[in-house]
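K.L.:
The structure is given below, and queries will be raised subsequently.
The values are calculated or read from the model by the stated rules, or taken from the named source; none is laboratory data. Since the model is a prediction, treat every value here as computed from it, not as a measurement. Cβ atoms come from the backbone with ideal geometry, glycine included; neighbour counts cover every protein chain shown.
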Amino acid sequence: MIDELRAVLDRHADDITPRPYPYTRVVVLHRRRRRNLVSTLAVVSVLLVVAPAAWLLTRSPAGPHQLATPPPAELLPLLNSPTRGSLAGDEAFLEAMRRRTADEVGAERGDPANGPYMPTDPDRVKVLFAGDIGSRRYVLTAGLDGWPLKAMFFGHQDEPPAHLAQAGSGALEAAEEATFAIGPGPDDEVGFLLLGPVGAVYEEGQAQWSSTGVTRTWTAIAVPDGYLAVANVTRIQRFRVRLGDKVLREVQTYPVKAGPVAVDPAPYGGRGTPMPEVAGQVASSLTSLTQLRDTGAVLRVLWSDEVPAPGAAGGLVRAVTVQVVTADGGGPYFTGVVDGDGMWRDHLTGSGFAGDPARALIVMRLPSYTAQDNTRLQVIAPPGAVRAESVQGGQVVDIPLVDGVGWRPAPPQTTLTVRAYDAAGALLATTTFTDLLPPGCDRLNPPTCQTPVPTAGTPDPVGPTP
Amino acid sequence: MPDDDFQAFVEQRYSALLRTAYLLCGSRDRAEDLLQSALAAALPKWRRMDHPEAYLRRVMVNQLANVWRRPIREIVTAVLPDRPRHDPAIEDRDELWTALRRLPVRMRAVLVLRYWEDRSEQETAQILGVSVGTVKSHASRGLDRLRELVPAPSMAAANGEN
């Protein structure tokens, strides 16, 4: 019966395709609900509490925008810049977009007392960008008072203002970016826009990776139209826009589709079993993350094996860690796992920087296929290591190693120190593992991981080999 | 406020979640409504979520269960459907599929999560907010009920011959 049921479910599920623009529809629905909720609360509040006070306040000559203060100084360069984009000279189009913004966005976000807001007066709305980028039409508007709210509109090339879909709103920033799908499908190509104030410098960065981090060299890009647009993102690029010495925004573009990346699947030092397909996929991800695709970067597999994972199809996953080999012998690494159904996972602790694998020690938590964290802490030690130990709160736990690889169970939110030893008992390497990484931490972008967070326990100091 | 991570999640996972929604409710249009509604509910909490997929599944099941309890159903839709709201009649010719749609919502959800998404009993229990024992009993009784509803000869037909 179960097999028949699976077959029926498979057959019916295969026929289902989503309608276009699911994200835009979610945002619209969310805004409608919020508007309804706010309206209901407002009515109740007015009836029960606010009405007398409001009556008193309305006796003053206060206008609807009297509470609005001037915009923050850092936003003025962008707000004072002329409209950019291929439709910047179409005054009728711009006027229609100002009116739409004031009517639709101002109607629900028109109170300066509630954070970023959009005026309801079209004359207090500015079109920052209006134009076609490839086959897509994009319009960015913003309020000119108080804490400015921005609103984004998307559509197909040549669509009139009334047909553009409002794609969202949010607090305006000193420089704006937009990434948008060129087609309706999830695998369609994407376009990109970076918009700073007039006079801003746009730069492209080239990364130099090492075993300890990344530095970038920036080269100015000519932007004769006053903005940076990529109609079809076909490669990974890192851009930033600065005004004087102040960097306003730094972003990275990713193409939707990317070709294969070659890597020797044999794991370093015999640590595990070669898995060519998985290694290629992980190498592809790593070169995308590091902007090293198609640059001839040398890659190596640090570890590759089939390991148990709760919830994974068949109970097992194929896990591979790939490293970029930089001039100092180490470099950034990334770990990916895939189960029998081809479902991919990675874990925040599975990427980072490591030195020469002959001496480097990596500890990571493997990804989970269930609602709970995987308890498996994977240890990838120098191939010469025969045993490791973890130290936590003064408690030492031995971790047997085979070809430099081992593991131990550990609950979530763990911080501990791991040491690896050779057959003679000499300390080969030591490292600290923690799950307690700052929110939003990208371990291949070190500045995002430098915010300290409260720790559940302090790692044991690394001392001499006992 | 729209969120880039949320947008990426929607774009990457929408199709898969829509299939689950469809198997839960049995209607293409209601599946879109169900998923859109769950995603709209998730949007304000997005940054605080550890397991958004589990959350979305639970919301969909709960919404579906609540919809069935309500005498009047509110259809939440963000855009007008671009085609007629009738599901293809061919679905009704599939007896096992029809029988599945006659099961109670949570029982059907257990069968979909366990046997189509291949989730463990523990994970299914976590998603649905019920005990593992409830999952076991729903799965067992659900399969028994399907056997009752679908005569044995029809099962072969349901298994790819229609």
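K.L.:
Exactly one of (1) over 21 Å from the mean Cα position of the chain (by Cα); (2) of a type in the set (A, V, I, L, M); (3) not in a loop (DSSP other than H, G, I, E, B) is unmet by A:L193. Its number?
P.N.:
The single condition A:L193 does not satisfy is (1).
K.L.:
Take the residues in the range B:39-83 that are assigned to a helix (DSSP H, G or I) and at pLDDT below 75, then tell me which one is nearest to the chain's Cα centre (by Cα).
P.N.:
B:A65
K.L.:
Quick one: in the range A:141-162, of everything that is under 14 Å from A:L87 (Cβ atoms) and within 13 Å of chain B (Cβ to nearest Cβ), which residue is surrounded by the most Cβ atoms within 10 Å (Cβ to Cβ)? Spell out how you get there, then give the answer.
P.N.:
Applying the first criterion (under 14 Å from A:L87 (Cβ atoms)) to the range A:141-162 yields A:141, A:153-161.
Next cut, within 13 Å of chain B (Cβ to nearest Cβ) only: A:153-154.
Values: A:F153: 24, A:F154: 19.
Checking each candidate, the answer is A:F153.
Conditions (1) in the same structural domain as A:F239 (by TED's automatic domain parsing); (2) among the acidic types (D, E); (3) more than 26 Å from A:R19 (Cα to Cα); (4) touching a Gly at 6+ places or on another chain (Cβ under 6 Å), marked per residue:
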{"position": "A:A142", "(1), (2), (3), (4)": "yes, no, yes, no"}
{"position": "A:D145", "(1), (2), (3), (4)": "yes, yes, yes, no"}
{"position": "A:L149", "(1), (2), (3), (4)": "yes, no, yes, yes"}
{"position": "A:E159", "(1), (2), (3), (4)": "yes, yes, no, no"}
{"position": "A:A174", "(1), (2), (3), (4)": "yes, no, yes, no"}
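K.L.:
Checking A:P308 against (1) in contact (Cβ under 8 Å) with a residue 60 or more places away in the chain; (2) more than 19 Å from A:G350 (Cα to Cα), only one condition comes out false. Which one?
P.N.:
Here A:P308 clears every test but (2).
K.L.:
Further, regarding this structure: May I ask you to list the residues in the range A:339-359 that are basic (K, R) and part of a loop (DSSP other than H, G, I, E, B)?
P.N.:
A:R359
K.L.:
For residues in the range A:372-383 being crowded, with 19+ Cβ neighbours inside 10 Å and at pLDDT below 95, which is farthest from the chain's Cα centre (by Cα)?
P.N.:
Filtering the range A:372-383 for residues that are crowded, with 19+ Cβ neighbours inside 10 Å and at pLDDT below 95, the one farthest from the chain's Cα centre (by Cα) comes out as A:N374.
K.L.:
Check whether at least one residue in the range B:21-30 is facing chain A (nearest Cβ under 8 Å), out of contact with any strand residue (DSSP E or B) (no Cβ under 9 Å at 6 or more places or on another chain) and at pLDDT below 85, and report yes or no.
P.N.:
yes
K.L.:
Restricting attention to the range A:77-106, which residues are of a type outside the set (A, V, I, L, M, F, W, C) and assigned to a helix (DSSP H, G or I)? Before you say what the answer is, go through the steps one by one.
P.N.:
Here is the first cut: in the range A:77-106, the residues of a type outside the set (A, V, I, L, M, F, W, C) are A:77, A:80-86, A:89-91, A:95, A:98-101, A:103-104, A:106.
The answer is A:P77, A:E91, A:E95, A:R98, A:R99, A:R100, A:T101, A:D103, A:E104.
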